[in-house]
Amino acid sequence: MKKTALATIALMAISIASAKPAGAGQFGDLLIELETSLYYSAQSEEWRSRRSGWISDVRTAGDSIPALKRLLVEFETHINYGAQTSAWRSRRASWLRSVEGASTLRELARLMIDCETAITYASQAPAWRSRRSGWLSRSRGI
């Protein structure tokens, strides 16, 4: 009986230690989902050749905060200014500093939402309007 209890405790400890932190992987999925909401015309010409590699990088980043910060900034950098609200230009430098200072997935998710709200609806596929509220809920849940 004692051996069984110890084995159960050991399995529980291994399970807890190997569990992914809340939001791990989900942030990347949400970032890719946001990227797919944009029309190509809303993104830089260079993005077309970088896009598949960027998606692969997001998928392999896991919960690496430094990698996800870099990938979030790279995505935003390739959005044309014309596809963003006029207020974004004055907020962008502060946003970049906040991304650089982010240390949790929760902070990055909030900053990803800020990036999304700066994108004009005209620059996003019509299907995004019906998916957006669910995307926001999942992003806020990280």
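The sole residue among Leu71, Leu38 that is within 18 Å of Gln26 (Cα to Cα), in contact (Cβ under 8 Å) with a residue 12 or more places away in the chain and surrounded by 14 or more Cβ atoms within 10 Å (Cβ to Cβ) is Leu71.
Give the residues of segment 119-142 that are over 20 Å from Trp95 (Cα atoms) and aliphatic (A, V, I, L, M), sorted by residue number. Ala122, Ala125, Ala127, listed by residue number.
Restricting attention to segment 113-121, does a residue exist that is of a type outside the set (Asp, Glu), more than 14 Å from the chain's Cα centre (by Cα), closer than 15 Å to Tyr39 by Cα and surrounded by fewer than 17 Cβ atoms within 10 Å (Cβ to Cβ)? Scanning segment 113-121 turns up at least one residue that is of a type outside the set (Asp, Glu), more than 14 Å from the chain's Cα centre (by Cα), closer than 15 Å to Tyr39 by Cα and surrounded by fewer than 17 Cβ atoms within 10 Å (Cβ to Cβ).
Laboratory data are not the source of any read-out in this text; all were calculated from the coordinates shown. This structure is a prediction, so every number in the text was calculated from the model and none was measured. For neighbour counting, all protein chains shown are included, and Cβ atoms are generated from backbone atoms with ideal geometry for every residue, glycine included.
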